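Beneath this line is the structure, given in structure tokens, with notes to follow.
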Amino acid sequence: MQGRILVVDDEKLIRWNIIEKLNQMGFITEEAGNVAEAKQIVHKKMLDLAIVDLRLPDGEGMDILKEISIKQPGVPAIMITAYSSVSNAVEAMKNGAFDYISKPFEIDELMLRIQRAIEQSHLRNSIQVGLQQSKRIFNLSHIIGKSPKIQEVKQILKRVAESPSTTILLLGESGTGKDIAGRVIHYESERAIYPFMNITCTALPENLLESELFGYEQGSFTGADHLKKGLFELANYGTVFMDEIGDTPLSVQSKILRVLEEKAFKRIGGTADIYVDVRVIVATNKDLEEMVRAGTFREDLYYRLNVVPIVLPPLRERCEDIPLLAEHFLNLFNKEFRRNRKGFSDEAMSKLLSYHWPGNVRELRNVIERAVLLGKDEIIQGDEIILGRVSFGGVRTMNNEFVLLPPSGCSLDDVEKSLIRQALERTNWNLTRAGALLNITRDQVRYKAEKYGLKPENNK
């Protein structure tokens, strides 16, 4: 079964031919010989497609199209008529028709159009479902906390999302939730129906970063065997989120500035300007003013970005939110790991509240994830809250010696490769969770895995 299709035609033989073919293809069919019968079906049955004759004994096929648009919006329709004209086609399209075919027609040609209409309808529905899911996940309620500082941030995010502002700067330490804030701005805005494209500027070398952002023309460099659109072009009318903007090379900064000021850019190897309407959200954990003074960040770009700065507070400055966040992550990982941990002991909560959280919310999430996954009792105990960093010997340390150098020394690349591989193996090659373990982004994990040639089949 591929869906339910309504066939409306006053000629019984035509209806029968269409329905026979549709049934052979696995569709469920409904049939009507006039407007009244068709409207009854529209009111009673959920449809995936309608095939409607333009002229019917008791009215026009357009009346059925209008009824479908009211009762079942989004359902495509194909018009069939012996009275083909441009005006009829235009009117049909205005009333929601997906396609238009004239009698006499080949049944196979009609079936191809039906398949195309069904496929596009399913794709559109999938996009709508995905959009609704994203809106449920990335809304203001997803930013957990009742402290004055986080409430102020949520109010600013709401105002910015509803505003026409196209340039937004998110500031804050690593792990404070800048990526979530960026998504919230997008999905709380009118741009939510358009793409959200994100990139981490530290994840890619300079040449790859430029091609990802701006795209390239075919033949513009060795290996450019096809035209590639960049993120700014793909995100037209939507949002581009650039994390770690402070690590962007100066040569790329000048091109970003042009996008912000002129809404235009050229693909690598291109000569024509491409104009876009995008909201650009950038994030950094660095002091851009200091970078401007040091000459590593363009002053003009800094002032262009600093129109609407939003500072995400570190977790240590909103300790009253820790119990809410801990409970949120407890419920999240209970569901993910099918556990039934029911809360925290007084000792466990005391440890959470007294810790300084240099990794902020991301570090808290990782601590709770470990406690939920490895603990046994219903209540998380104090000894299950493991804080600080771990050395290669498995010993937690609160000092600055994160990695203990072997007496004989080691290769830095080998250390990084080993850590990336371990994180991927521990998370069953889930890039997002592996990145969380290493306090880096999903894009960075993907880039480093490719850099070191790490693949699941090579790690058995």
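Test Leu353 against the criterion of being at pLDDT 90 or above, assigned by TED's automatic domain parsing to the domain that holds Cys319 and not basic (Lys, Arg), and give yes or no. Reasoning before the result, please.
On the way: at pLDDT 90 or above: yes; assigned by TED's automatic domain parsing to the domain that holds Cys319: yes; not basic (Lys, Arg): yes.
Against the criterion (at pLDDT 90 or above, assigned by TED's automatic domain parsing to the domain that holds Cys319 and not basic (Lys, Arg)), Leu353 qualifies.
Can you tell me how many residues in region 423-446 are crowded, with 21+ Cβ neighbours inside 10 Å and part of a loop (DSSP other than H, G, I, E, B)?
Of the residues in region 423-446, 1 are crowded, with 21+ Cβ neighbours inside 10 Å and part of a loop (DSSP other than H, G, I, E, B).
Go through (1) touching a Lys or Arg at 6+ places or on another chain (Cβ under 6 Å); (2) assigned by TED's automatic domain parsing to the domain that holds Ile168 and name the single condition Phe329 misses.
For Phe329, the exception is condition (2).
Checking the structure you have, find out if any residue of region 279-292 is over 30 Å from Ser147 (Cα atoms), out of contact with any strand residue (DSSP E or B) (no Cβ under 6 Å at 6 or more places or on another chain), outside the structural domain of Lys376 (by TED's automatic domain parsing) and not aromatic (Phe, Trp, Tyr).
Yes, region 279-292 contains at least one residue that is over 30 Å from Ser147 (Cα atoms), out of contact with any strand residue (DSSP E or B) (no Cβ under 6 Å at 6 or more places or on another chain), outside the structural domain of Lys376 (by TED's automatic domain parsing) and not aromatic (Phe, Trp, Tyr).
What's the number of the condition Ser165 fails, among (1) in a helix (DSSP H, G or I); (2) over 26 Å from Arg316 (Cα atoms)?
Status for Ser165: all satisfied but (1).
Quick one: count up the residues across region 17-72 that are among the hydroxyl-bearing types (Ser, Thr, Tyr) and farther than 25 Å from Asp108 by Cβ.
Summing the residues that are among the hydroxyl-bearing types (Ser, Thr, Tyr) and farther than 25 Å from Asp108 by Cβ in region 17-72 gives 1.
Any residue that is in a loop (DSSP other than H, G, I, E, B), in contact with a His (Cβ under 7 Å, 6 or more places away or on another chain) and not basic (Lys, Arg) - is there at least one of those in region 205-224?
Yes, region 205-224 contains at least one residue that is in a loop (DSSP other than H, G, I, E, B), in contact with a His (Cβ under 7 Å, 6 or more places away or on another chain) and not basic (Lys, Arg).
Filter region 326-357 for residues that are part of a loop (DSSP other than H, G, I, E, B) and free of Cβ contacts under 8 Å to residues at least 12 places away in the same chain and give the result.
From region 326-357, those part of a loop (DSSP other than H, G, I, E, B) are 338-342, 345, 355-357; that's our starting set.
Across region 326-357, the qualifying residue is only Arg338.
Can you pull out every residue in region 288-298 that is touching a residue at least 24 places away in the same chain (Cβ under 8 Å) and either assigned to a helix (DSSP H, G or I) or of a type outside the set (Ser, Thr, Tyr) (or both)?
Residues satisfying the conditions are Leu288, Met291, Phe297, Arg298.
Test of understanding: among Glu206, Glu262, Glu212, which residue is surrounded by fewer than 15 Cβ atoms within 10 Å (Cβ to Cβ) and closer than 30 Å to Tyr452 by Cβ?
On the way: Glu262 fails: closer than 30 Å to Tyr452 by Cβ; Glu212 fails: surrounded by fewer than 15 Cβ atoms within 10 Å (Cβ to Cβ).
One residue alone meets the criteria, Glu206.
Given the conditions (1) surrounded by 16 or more Cβ atoms within 10 Å (Cβ to Cβ); (2) touching a residue at least 60 places away in the same chain (Cβ under 8 Å), and given that Ile274 satisfies all but one, which numbered condition is not satisfied?
Single failed check for Ile274: (2).
Just one of Ala82, Ala50, Ala32, Ala77 is more than 18 Å from Tyr100 (Cα to Cα) and touching a strand residue (DSSP E or B) at 6+ places or on another chain (Cβ under 9 Å); which is it?
Ala32 is the lone residue from the list that is more than 18 Å from Tyr100 (Cα to Cα) and touching a strand residue (DSSP E or B) at 6+ places or on another chain (Cβ under 9 Å).
The values are calculated or read from the model by the stated rules, or taken from the named source; none is laboratory data. The model shown is predicted, which means the values in this text are computed figures rather than measured ones. Ideal geometry is used to build each Cβ from the backbone, glycine not excepted, and the neighbour counts take in all protein chains shown.
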